[in-house]
Amino acid sequence: MSHNSFGHLFRFTTWGESHGKALGAVVDGCPPGLQLSEADLQPLLDKRRPGTSKFTTQRQEPDEVRILSGVFEGQTTGTPISLMIENVDQRSKDYSEVAASYRPGHADYAYDAKYGLRDYRGGGRSSARETAARVAAGGVARLVIPEVTIVAHVIEVGGDRAASFDATEIARNPFFCADAQAAARWATLIDDARKAGSSLGAVVECVATDVPAGWGAPLYMKLDAQLANACMSINAVKGVEIGDGFAAARLRGEDNADRMRPGQPAPQFLANHAGGVAGGISTGQPVVVRVAFKPTSSILTPIETITRDGRSTDIVTKGRHDPCVGIRGAPVVAAMMALVLADAKLMHRGQVGLR
């Protein structure tokens with residue numbers, strides 16, 4: 001089993017490799033009668049696509065999505081929706097050294113150990129290129145949850161954390177940063193890392209507002225567990241926290257409690273340490289997830305490693321790579337939030353109906 005599918009009632013499967021002819025997703029379980037066209041999905045893909053600034057990989061991919069099935073006369077039919085994105089700017093020759101040696105921090109050795117072979121061109125399925133398919137699928141998921149607003153933004157780069165939030169700033173800089181001053185600092189940080197042949201990590205925060213209370217399920221289908229699973233499945237992600245996350249372990253019980261007052265039509269919460277999820281079920285508060293992306297493993301700095309036949313060597317990864325892959329992670333995290341919430345909504349409706 002290769003486990004390339006995610007979800008339950010709303011389910012998607014991604015396919016394709018970094019340097020293959022194309023990649024894409026098949027979305028199954030989407031309700032019929034929803035308005036859908038390529039124009040609905042393309043703006044989301046444009047946010048993630050490479051080559052949009054000097055702070056991302058210079059691989060030039062238009063990431064134009066095509067809907068191959070599941071839509072008739074502009075509406076979803078309830079049958080599987082197949083989405084395809086062609087690869088047009090591969091440079092496989094840049095990976096000749098990677099074919100012979102393993103990149104530390106990348107999935108090269110792990111894939112070889114598991115399968116006995118690997119697609120070394122751009123990392124194959126382990127490349128962040130795969131996330132384009134997730135963003136396309138996430139665009140379909142958003143149609144299922146029109147009541148929910150999802151905002152993802154980068155809150156930290158290279159250990160430098162944003163200090164303020166202005167939602168209008170997110171679209172004004174190439175870092176998806178809601179703090180203009182932090183964005184200016186990050187431009188220097190990332191450019192310095194790029195020129196040094198190195199890379200930086202980042203943290204993305206994603207907030208979903210107007211999520212109704214009741215989505216999710218206790219124990220083995222907890223909403224926060226599904227979000228953690230979804231976000232940890234993104235290439236280069238090494239940590240996920242919901243609400244206060246690890247910071248909650250440093251609080252006392254009375255400080256961590258999300259105090260409540262009577263309200264109409266729902267209770268009034270005075271805090272949201274739990275990130276909008278209690279007992280695995282949404283509370284009606286904003287659902288908050290933060291995702292840590294490691295520094296890009298493909299760098300120009302020589303790193304000690306071994307060859308496929310076990311000899312000691314150093315490797316320098318040539319080619320075009322993101323100096324901070326977490327920057328373009330914001331649209332991907334937002335897509336995974338949408339995909340989880342769409343699935344949770346349909347499962348909630350299936351168990352208790354609409355009320």
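Among Q35, Q181, Q264, the largest mean-square fluctuation in a Gaussian network model of the chain (Cα springs under 10 Å) belongs to Q264.
Comparing S312, C30, T79 along the charge dipole axis of the chain, the residue lying farthest to the positive side is S312, per the Cβ-charge model.
Most mobile of H321, H153, H273 per a Gaussian network model of the chain (Cα springs, under 10 Å)? Most flexible of the set in this elastic network: H273.
Simple spin-label estimate for K114 and E147 gives 3.7 nm between the two label positions (7 Å along the Cα-to-Cβ direction from each Cα). Within the accessible area of the chain, the carbon and sulfur atoms contribute 54%, probe 1.4 Å, all protein chains present.
Ligands, DNA and RNA are left out, and with a 1.4 angstrom probe the accessible area of segment 296-355 is 44 Å² per residue. Protein-only accessible surface at a 1.4 angstrom probe places the residues M336, M347, M84 in the order M347, M84, M336, largest first.
Quick check for me: using +1 on Lys/Arg Cβ and -1 on Asp/Glu Cβ, what's the dipole size of segment 292-355 about its Cα centre, in debye to the nearest 20?
Computed about the Cα centre, the dipole is about 340 debye.
Taking square-rooted eigenvalues a ≥ b ≥ c of the alpha carbon gyration tensor, is segment 181-237 rounded, prolate or oblate, where a/c under 1.5 means rounded and, failing that, a/b exceeding b/c means prolate? Because a/c hits 1.5 or more and a/b fails to exceed b/c, segment 181-237 counts as oblate.
When the Gaussian network model of the chain links Cα atoms closer than 10 Å, the mean-square fluctuations of G253, G329, G158 top out at G253. Any idea how many Lys pairs in the chain come in under 15 angstrom at the alpha carbon, given 8 or more places apart or on separate chains? Step by step, the pairs that qualify in the chain add up to 5. Calculate, for Q351 and D166, the FRET efficiency according to 1/(1 + (r/R0)^6) with r their C-beta to C-beta distance and R0 25 Å; round to the nearest 0.05. For Q351 and D166, the calculated efficiency is 0.05. Accessible area per residue (1.4 Å probe, heavy atoms of protein chains only) ranks T76, T168 as T168, T76, with the largest value leading.
Quick note on the chain: its Rg to Rh ratio, both from C-alpha atoms and Rh being the Kirkwood radius, is 0.98.
Accessible surface computed residue by residue for segment 136-266, with neighbouring protein chains in place and a 1.4 Å probe, gives 50 Å² per residue.
Relative to the longest principal axis of the Cα atoms of the chain, the long axis of helix 223-232 makes an angle of roughly 10 degrees. Using only side-chain charges placed at the Cβ, +1 for Lys and Arg and -1 for Asp and Glu, the dipole size of segment 180-301 relative to its Cα centre rounds to 240 debye. Calculated [222 nm] ellipticity per residue, helices only, for the chain: -8000 deg cm²/dmol; basis is -39500 (n - 2.57) per DSSP H run with n ≥ 4, divided by all residues, nearest 500.
The values are calculated or read from the model by the stated rules, or taken from the named source; none is laboratory data. Please read all numbers here as calculations on a predicted model, not as lab measurements. So basically every Cβ, Gly included, is an ideal-geometry build from the backbone, and we count neighbours across all protein chains shown. What goes into the accessible areas is simple: the full protein's heavy atoms, side chains included, and nothing from ligands, DNA or RNA. Shrake-Rupley method; radii C 1.70, N 1.55, O 1.52, S 1.80 Å.
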